[in-house]
1. Can you pull out every residue in segment 61-86 that is of a type in the set (A, V, I, L, M) and part of a loop (DSSP other than H, G, I, E, B)?
2. Select from segment 22-54 the residues that are loosely packed, with under 12 Cβ neighbours inside 10 Å and within 30 Å of Leu153 (Cβ to Cβ) and list them in ascending order.
3. Return the total of residues in segment 29-58 being more than 23 Å from Ile119 (Cα to Cα) and either free of Cβ contacts under 8 Å to residues at least 60 places away in the same chain or not in a helix (DSSP H, G or I) (or both).
4. Hey, can you tell me all the residues within segment 247-265 that are touching a Lys or Arg at 6+ places or on another chain (Cβ under 7 Å) and modelled with pLDDT of 90 or more?
5. Can you tell me how many residues in segment 255-273 are farther than 22 Å from Arg209 by Cα and either part of a helix (DSSP H, G or I) or not assigned by TED's automatic domain parsing to the domain that holds Ser234 (or both)?
6. Considering only residues of segment 274-289 that are buried (at least 17 other Cβ atoms within 10 Å of the Cβ) and within 17 Å of Asn213 (Cα to Cα), which is farthest from the chain's Cα centre (by Cα)?
7. Which of the following residues is assigned to a helix (DSSP H, G or I) and of a type in the set (Gly, Ala, Ser): Ser288, Ser238?
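The values are calculated or read from the model by the stated rules, or taken from the named source; none is laboratory data. All figures in this text were calculated on a predicted structure; none of them were measured in a lab. As a convention, Cβ positions derive from the backbone with ideal geometry for all residues, glycine included, and neighbour counts pool all protein chains shown.
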Amino acid sequence: MKRFKKEEVLHWAEEVLVTEIEGLLKIKENLDDNFLKAVEIISQTQGMIVVTGMGKAGIVGQKFSATLSSTGSSSFWLHAAEAVHGDLGRIREDDVVVVLSYSGETDEIKNLIPFIKKIGAKIIAITGNTKSSLARYSDSAISVKVDKEACSLGLAPTTSTTAMLAICDAISVVLQKIKGFKEKDFASFHPRGSLGRKLLLKVCDIMRRKSYNPVVDEETLIKDVLLKITTAHSGAASVVDETGKLVGIFTDGDLRRNLECHPQLLKKKVKKLMTKNPTVVRDTSLASEAMKILEKKKVDEVPVVDKDYKPVGMLDIQDLIAAGII
């Protein structure tokens, strides 16, 4: 293979990016009422958003459909060629069909349009030719016309497919804003992703409980508190009053701070040396919220309390790390 200078390769890459950026800027300048009408039609549909196309435009369409579905707008991808061989049955009258075709004259697309019209579904065109057959028979036609492809031969879809993808993203995000789609909604559709873990996992799902949650009453001697902490492999113990409600916490830090000034420390009652009114988190709180509390208070471990303020668990920074929250 012929060798090229590093500067030459980087220059070629830069030319591609500049060409595609210029294409996107043109699309931005040409946004008009057709985009508004398309968004209005899609946002008001009672059915599904069906996305179809052929070739590279079809690949962009598959990504568009996936983005719509993950941001709260129900959608599915329909292969334009397969549609006329039975898959048309998936389209209903109250659906919106978004058709991606740069030329707007692709045979498979032209063959499909009359059948979609017969079903009664709305058609949104995303095309580089607003005078094409596709555009003429659409309820709204969004132009993605660019001056040139980034391909060195000017043939392979490059700038045009980037423009299509950008317009599809714009539609998806606008619909997301119209629907008031929030982070928690996004997480609901991505429960196995890192965002899903961060937004859906609760403190009670990851906290240390039972034998790993050392709880002592305020009359307990320090030596017994330390034994309980050690047995639980913990760094602290929750301290409760006679009703079982949390009144304090005794940590490794409390032990170190009191070693010098209390020679008989091990024989003292924990209520004399504990940290009163400690930072806590609720068992029903999201793990992501608990993480913010630990960061703000600059602590590594906090008691977890229920609605009655009774300690039901202990949450350590390591638990958040293990759960993938950090």
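1. First pass over segment 61-86, keeping only residues of a type in the set (A, V, I, L, M): 66, 68, 78, 80-81, 83-84.
Across segment 61-86, the qualifying residue is only Val84.
2. The answer is Leu25, Glu29.
3. Residues meeting the conditions: 6.
4. Pass one, segment 247-265, residues touching a Lys or Arg at 6+ places or on another chain (Cβ under 7 Å): 247-248, 262.
Residues satisfying the conditions are Val247, Gly248.
5. 10
6. Result: Met274.
7. Ser288
Residues are listed down the side, and each one gets a yes or a no for (1) within 30 Å of Met314 (Cα to Cα); (2) modelled with pLDDT under 95; (3) assigned by TED's automatic domain parsing to the domain that holds Gln318:
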{"site": "Leu112", "(1), (2), (3)": "no, yes, no"}
{"site": "Ile126", "(1), (2), (3)": "no, no, no"}
{"site": "Ser140", "(1), (2), (3)": "no, no, no"}
{"site": "Thr162", "(1), (2), (3)": "no, no, no"}
{"site": "Phe186", "(1), (2), (3)": "yes, yes, no"}
{"site": "Phe189", "(1), (2), (3)": "yes, yes, no"}
{"site": "Gly193", "(1), (2), (3)": "yes, yes, no"}
{"site": "Arg197", "(1), (2), (3)": "yes, yes, no"}
